[in-house]
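Presented below is the structure to which this report refers.
The values are calculated or read from the model by the stated rules, or taken from the named source; none is laboratory data. None of the values given here were measured: they were computed from a predicted structure. Cβ sites come from the backbone with ideal geometry, for glycine too, and all protein chains shown count toward neighbours.
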Amino acid sequence: MNFQTMSKQRKMILIAAAVGVIAMFLPWWSISLGIFGGGSVNGMHGEGLLVFLCFLAAGAFAYIGDQTKNLDRTNWMLALIAGGIASLVMIIRFLSWLDILSALSFGFYLAMAASFAIVAFAYTHRAAGETLQGGFDTLKNKFTNQPSSTPSDATPTTKVINPTSSDPSKPVV
């Protein structure tokens with residue numbers, strides 16, 4: 001992989017995911033007990049494991065495929081979803097820790113910023129014409145094994161049902 005020829009979208013997502021992974025091992029909250037010492041806890045506990053997996057997934061989706069082009073629609077949506085889940089977990093965790101806000105440490109804030117950055121970079125640097133609805137439709141079609149669209153060279157056929165036929169399942173062409 002040549003980092004210089006990589007698309008800007010992929011580069012930014014990979015950097016944000018790497019920062020997020022590193023932030024998981026940094027202190028998320030710390031407490032000082034004065035002369036009795038203190039302690040800190042990193043993000044690799046509880047929901048932090050889900051956030052860690054989301055960072056890994058977003059990085060993997062950014063790494064898969066042609067590095068010189070933006071993410072294809074499926075990987076774009078999956079990276080966006082992974083970043084969105086990480087962001088949602090971080091927001092919920094932040095709001096639930098409002099009473100101990102002074103104990104939150106830089107690792108937590110760095111992980112939160114990285115999760116927001118993945119969503120921002122994936123969305124703002126998307127391919128021209130990409131929409132969230134189109135991305136969700138592609139994912140839905142891919143997971144239900146339906147074709148996402150008809151090929152452009154396909155000729156549509158018209159079936160006319162003979163209303164006088166006793167068997168409507170036999171179309172007259």
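Being within 18 Å of L49 (Cα to Cα) and in contact with a Ser or Thr (Cβ under 8 Å, 6 or more places away or on another chain) is the filter here; which residues of the stretch 90-111 pass it? Those that are within 18 Å of L49 (Cα to Cα) and in contact with a Ser or Thr (Cβ under 8 Å, 6 or more places away or on another chain): M90, S105. Of a type outside the set (A, V, I, L, M), under 18 Å from I118 (Cα atoms) and modelled with pLDDT under 90 - does that describe any residue in the stretch 2-13? For the stretch 2-13, residues of a type outside the set (A, V, I, L, M), under 18 Å from I118 (Cα atoms) and modelled with pLDDT under 90: present.
Determine the pairs where a residue that is under 12 Å from F136 (Cα atoms), located within the stretch 69-82, has a partner that is assigned to a helix (DSSP H, G or I) and of a type in the set (A, V, I, L, M) with Cβ atoms under 6 Å apart, the partner being 6 or more residues away or on another chain. As it stands, the answer is M77/L139; L80/A122, since those pairs meet every condition given. Here G135 passes the criteria (1) touching a Gly at 6+ places or on another chain (Cβ under 6 Å); (2) in contact (Cβ under 8 Å) with a residue 60 or more places away in the chain except the one numbered (1). Among the residues of the stretch 85-109, those that are touching a residue at least 40 places away in the same chain (Cβ under 8 Å) and surrounded by 19 or more Cβ atoms within 10 Å (Cβ to Cβ) comprise A86, V89, R93, G107, F108. Can you tell me which residue within the stretch 110-135, out of those that are under 18 Å from the mean Cα position of the chain (by Cα) and in a loop (DSSP other than H, G, I, E, B), is surrounded by the fewest Cβ atoms within 10 Å (Cβ to Cβ)? Here the answer is T131. Inside the stretch 4-55, residues that are touching a residue at least 12 places away in the same chain (Cβ under 8 Å) and either over 22 Å from the mean Cα position of the chain (by Cα) or in a loop (DSSP other than H, G, I, E, B) (or both) make up a count of 16. Scanning the stretch 87-98 turns up no residue that is of a type in the set (S, T, Y) and assigned to a loop (DSSP other than H, G, I, E, B).
One residue stands out among those in the stretch 67-116 that are out of contact with any Phe, Trp or Tyr (no Cβ under 8 Å at 6 or more places or on another chain), modelled with pLDDT under 90 and among the aliphatic types (A, V, I, L, M): the one that is farthest from T131 (Cα to Cα), which is L101.
Put simply, of T74, T68 the only residue that is over 12 Å from the mean Cα position of the chain (by Cα) and either β-branched (V, I, T) or on the phi > 0 side of the Ramachandran plot (or both) is T68.
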